[in-house]
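These notes concern the structure reproduced below.
The values are calculated or read from the model by the stated rules, or taken from the named source; none is laboratory data. Given the structure is predicted, the values throughout are model-derived calculations rather than measurements. Glycine gets a Cβ as well: all are built from the backbone with ideal geometry, and neighbour counts include every protein chain shown.
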Amino acid sequence: MLDALLQGLTAVLQWNAFSFMLIGIGVGFFVGLLPGLGGGTTLALMLPFVYKMEPIQAFAFLLGMHSVTATTGDITSILFGIPGEGTTAASILDGHAMAKKGAAGRALGASLMSSLVGAVVGAAALALAVPVVRPLVLTFGSPELFMVAVLGIASIASLSGGGERAMLRGFLAGCLGLMVAAVGPDPQSGVLRYTFGQLYLWDGLELVPVLVGFFAIPEIIDLAVRKTAIAGDVSGGRLSGVFEGVKDTFRHFWLTLRCSLVGTWIGVLPGLGGAVAQWMAYAHAVQSAKTPEDRARFGTGDVRGVIGPGAANNSKEGGDLIPTIAFGVPGSSSMAILLGAFFLVGLVPGPDMLTKHLPVTFSMVWTIVLANVITVAASFAFLNQLARLTSIRGELLIPFLLFLTFIGSYTAHNSLGDIIVTLVFGLLGYVMVRYRWPRAPLVLGLVLGNIVERYLWISTARYGLAWLGRPVVIIIFLVAVAVMVSAFAQQRRARVARGAAHAA
Amino acid sequence: MQRIVAFVLAALLVVVLEPLYAQQPSYAGKTISIIVGYAPGGGYDRIARMVARYLPKYLPGNPTIIVQNMPGANSIIAANHVYTTAKPDGLTVAIFNRNLPLGQLVKVEGVRYDMTKFAWIGSMSSETTILAIRSDLPYRTYTDLQKAEPALVIGATGPGANTYDFPLLLRAFLKLNLRIISGYPSSADIMLATERKEVDGRAGSYSSIKPWLDRGVVRPIIRARASVPEIARLPADEDLAPDARTKAVMSLRSTPEIIGRPFVTAPGTPPELVNLLREGFVKVSQDREFLAEATRAGFDIEFVSGDAALKVIREVLNSPADVVRIFSSFFKFE
């Protein structure tokens, strides 16, 4: 196994594989930055070029592009509050808040560094998982996947923020998210729900237009109202925080590591989709705060809220590859497209990739690591300039941001319906921000709604009630209970403290 | 005087001969759009992109060809768009779900196209459906499946997909003892569930199940009408039907598989443009490099001409009313 590892490395460093990887990195860099142009769509566009290539070159090209989209997507999320990718929306909550306080450089530094750590952890997981991957993935059946989704919903309790009625609002927002997820056909009998006779809604709501509207439009309105630069009235002196951000990643190293592991694990579980990891990592980061006052800082610009999602959305890449390579089961829609690449270069995902073609698998590991190292190093060169964008006057930026938002929303499917969705969710997002309703739970409900429903149904149809007794199911359930109990306990302590403060 | 006559004669010659050399329409300097009714990465999208790369050199004038994705409503949106909005100038081609003629037949709400009015180019391949069961189970033929106890668990993605529709009819008409559990996100997830022994098998297109057949994880039991040599020896579902009507219903379900990857252009397109496109597609389907790449990607290329495709469509749309009624009771096409 060790020499396959070295073989993979030397193969990636060959001149032609390496130059394909550099081209991929160049493409991925901009794809991540631009909202709407997704990593998945770009993979599909790059696929035809792969036909004539050797397997290792092909994957250096494709993964070189895809593994950096989550790294640079965070940049747009932090600077402008517009999600550069569907997987980087969680970075907006604290990252953009930091930008508004003039700490954009620090947020960018933390995000890039945690992305790098996450990518390395995910790649290492892929490498280390090779001997155990088949039993590992086979342990998680539909009941277990259902319980993981329940765990995700339970973590809404941590995403609700502090405050009097925050928990209630959080769960209501989560329920609204679950209802919005129900739009479209029911997976079991095909009955259409909430489509109001509109063909556009037949497949349910697309995530990217929703996220772009939900997060970007309230920020743009806010910017217009404030009449200042994104960074408020803070003058240029604070912009050298990039290295501060890098140091933050290492100051909170265990958090970075844990969130990377969360991201990898969610990636390993097939069928959960690409957007979940960042939110669960964010929830975990919130839970890691011990006191209610500490928790209340999330959402206002706490660097830990940048590190968590930043690490998770990169480590997910390595995790996603595990079921894709070992079973041909894609963990996300991008991986489904990557499967097409396997067939184009003549490989079949499955046990062969872990034995006969192990060097190819390891070359993917090295591609993820090297691509992210190169991207992060290159980004540091002009991060400070990027951070200065936040001190440009708002009136100059708003047309550009609106342009990005609507192009991003439209180009996904050439559909006018997407623009309407963006506007509707933009309005909803604005109302929620204005009245202090937390938005993260709604997004989590939206991405988990389908998964929860499918796997609950499959588990019950297949096993009756017997699945409730499976050991892994019980373990995950207990973790979910623990998460909720700790959140409630924190809430009570906060209320008691508030009561004492009032009395005093 | 002579000069005038000569001039008039020359003019007459030009007028008479003009139609002959202006006959040759050309795509020089033009751009053709291929509209795909699904998101990038899926089977329809991949074959459209392959065609888009090889077709230009087989059309006069070497046009640029771009692919536009217009997913939604199982590609009904794309079909509607090309039917109602695209100009009949030979510059818009569409590929959509092969089952859309069935959608028209059962009068799905939202359908605004008439399949017979599209200008048909043809289909690049057929897609045949099979049912495959885990190899470690003792069942080998369909009669075994009729007697299977307990019922075999078949994983499916949802109604409207062949993973669901094919076993549904097998259970209803051939009385195979199957329990269909639907809701898996993709057919690859069903294969994982098979390896986990959560389900006992699945139905689906032969090309997508082939890797697992080759590895011996599952074995094929029964197929639909369209066939490829490797599975020709399997019994076809409609051949086992107990009576003519059920045979007609099963046949109706599998007929669109003959036009597995259907390409059309806008209704009312002049015949000479349609013929140019048809000839171009035929030549692409015979291009050696295209065939090599398509085979690698899992497609079994066999061009079905536009006229043959129209025949198939008309056969579907002219189904007798009682057959359509039974068919609609099973399939809501959603």
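Some points to look at:
- Residues of the stretch A:184-212 classified as over 21 Å from A:ILE407 (Cα atoms) and more than 13 Å from chain B (Cβ to nearest Cβ), total: 1
Residues are listed down the side, and each one gets a yes or a no for (1) crowded, with 20+ Cβ neighbours inside 10 Å; (2) closer than 25 Å to A:GLY346 by Cα:
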| site | (1), (2) |
| --- | --- |
| B:THR128 | yes, yes |
| B:ASP144 | no, no |
| B:THR163 | yes, no |
| B:ALA172 | no, no |
| B:LEU176 | yes, no |
| B:ILE181 | yes, no |
| B:MET191 | yes, yes |
| B:LYS197 | no, no |
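- Test: residue in the stretch A:173-182 that is hydrophobic (A, V, I, L, M, F, W, C), within 14 Å of another protein chain (Cβ to nearest Cβ) and surrounded by 19 or more Cβ atoms within 10 Å (Cβ to Cβ): yes
- Residues in the stretch A:469-488 that are touching a residue at least 12 places away in the same chain (Cβ under 8 Å) and in a helix (DSSP H, G or I): A:VAL472, A:VAL473, A:ILE476, A:PHE477, A:VAL479, A:ALA480, A:VAL481, A:VAL483, A:MET484, A:SER486, A:ALA487, A:PHE488.
- Within the stretch A:456-467, the set of residues being under 30 Å from the mean Cα position of the chain (by Cα) and either touching a residue at least 12 places away in the same chain (Cβ under 8 Å) or not in a helix (DSSP H, G or I) (or both) comprises A:LEU456, A:TRP457, A:ILE458, A:SER459, A:TRP467.
- Any hit, the stretch A:213-222, residues being modelled with pLDDT of 85 or more, in contact with a Pro (Cβ under 8 Å, 6 or more places away or on another chain) and either more than 13 Å from chain B (Cβ to nearest Cβ) or closer than 22 Å to A:LEU416 by Cα (or both): yes
- If the condition is being in a helix (DSSP H, G or I) and within 17 Å of B:ILE258 (Cα to Cα), then the stretch B:312-327 contributes B:VAL312, B:ILE313, B:ARG314, B:GLU315, B:VAL316, B:LEU317.
- Within the stretch A:223-244, the residues that satisfy the criterion of being within 27 Å of A:PRO441 (Cα to Cα) and either at pLDDT below 85 or within 26 Å of the chain's Cα centre (by Cα) (or both) are A:LEU223, A:ARG226, A:ILE230, A:ALA231.
- With respect to the conditions (1) within 10 Å of another protein chain (Cβ to nearest Cβ); (2) in a helix (DSSP H, G or I), B:ALA172 falls short on a single one, namely (1).
- Pairs, first facing chain A (nearest Cβ under 8 Å) and touching a residue at least 12 places away in the same chain (Cβ under 8 Å) in the stretch B:37-57, second assigned to a helix (DSSP H, G or I) and of a type in the set (S, T, N, Q), C-beta under 6 Å, six or more apart: B:PRO40/A:THR41
- Inside the stretch B:60-74, residues that are closer than 14 Å to B:THR92 by Cβ and either more than 7 Å from chain A (Cβ to nearest Cβ) or surrounded by fewer than 20 Cβ atoms within 10 Å (Cβ to Cβ) (or both) make up a count of 6.
- Candidate set from the stretch B:295-311 (those that are assigned to a helix (DSSP H, G or I) and within 28 Å of B:PRO25 (Cβ to Cβ)); member that is nearest to the chain's Cα centre (by Cα): B:ALA309
- For the stretch A:314-363, a residue qualifies if it is touching an Asp or Glu at 6+ places or on another chain (Cβ under 8 Å), in a helix (DSSP H, G or I) and facing chain B (nearest Cβ under 8 Å), and the qualifying residues are A:PHE327, A:LEU344.
- Only one of the numbered conditions (1) assigned to a helix (DSSP H, G or I); (2) more than 14 Å from chain A (Cβ to nearest Cβ) is not met by B:TYR164, and that is (2).
- Residue match in the stretch A:426-448 (condition: within 14 Å of chain B (Cβ to nearest Cβ) and in contact with a Pro (Cβ under 9 Å, 6 or more places away or on another chain)): no
- The C-beta contact set for the stretch A:399-412 (first residue without any contact (Cβ under 8 Å) to a residue 60 or more places away in the chain, second residue polar (S, T, N, Q), distance under 8 angstrom, 6+ apart or interchain) comprises A:PHE406/A:THR422.
- The residue that is nearest to the other protein chains (Cβ to nearest Cβ), counting only those in the stretch B:199-222 that are crowded, with 20+ Cβ neighbours inside 10 Å and of a type in the set (Val, Ile, Thr), is B:VAL199.
- When A:SER189 is tested against the conditions (1) over 30 Å from A:GLY499 (Cα atoms); (2) crowded, with 17+ Cβ neighbours inside 10 Å, the lone failure is (2).
- Residue identified as in contact (Cβ under 8 Å) with a residue 24 or more places away in the chain, more than 29 Å from B:ASP45 (Cα to Cα) and over 19 Å from the mean Cα position of the chain (by Cα) among B:LEU234, B:LEU276: B:LEU234
- Residue selected from the stretch B:284-334 under the condition hydroxyl-bearing (Ser, Thr, Tyr) and free of Cβ contacts under 8 Å to residues at least 24 places away in the same chain, by the criterion farthest from the other protein chains (Cβ to nearest Cβ): B:SER329
- Whichever residue in the stretch B:192-233 is β-branched (Val, Ile, Thr) and assigned to a loop (DSSP other than H, G, I, E, B) and, among such residues, is nearest to B:LEU145 (Cα to Cα): B:VAL199
- Single unsatisfied condition, A:LEU468 versus (1) within 28 Å of A:GLY190 (Cα to Cα); (2) more than 14 Å from chain B (Cβ to nearest Cβ); (3) buried (at least 23 other Cβ atoms within 10 Å of the Cβ); (4) of a type outside the set (S, T, N, Q): (3)
- Filter result for B:PRO159 (over 17 Å from B:THR128 (Cβ atoms) and facing another protein chain (nearest Cβ under 9 Å)): yes
- Pairs, first under 17 Å from A:ARG439 (Cβ atoms) in the stretch A:273-299, second of a type in the set (D, E, K, R) and part of a helix (DSSP H, G or I), C-beta under 7 Å, six or more apart: A:ALA285/A:ARG304; A:VAL286/A:ARG295; A:PHE298/A:ASP94; A:GLY299/A:ASP94
- Selection status of B:ARG245, closer than 23 Å to B:ILE180 by Cβ, surrounded by fewer than 19 Cβ atoms within 10 Å (Cβ to Cβ) and out of contact with any Leu (no Cβ under 7 Å at 6 or more places or on another chain): yes
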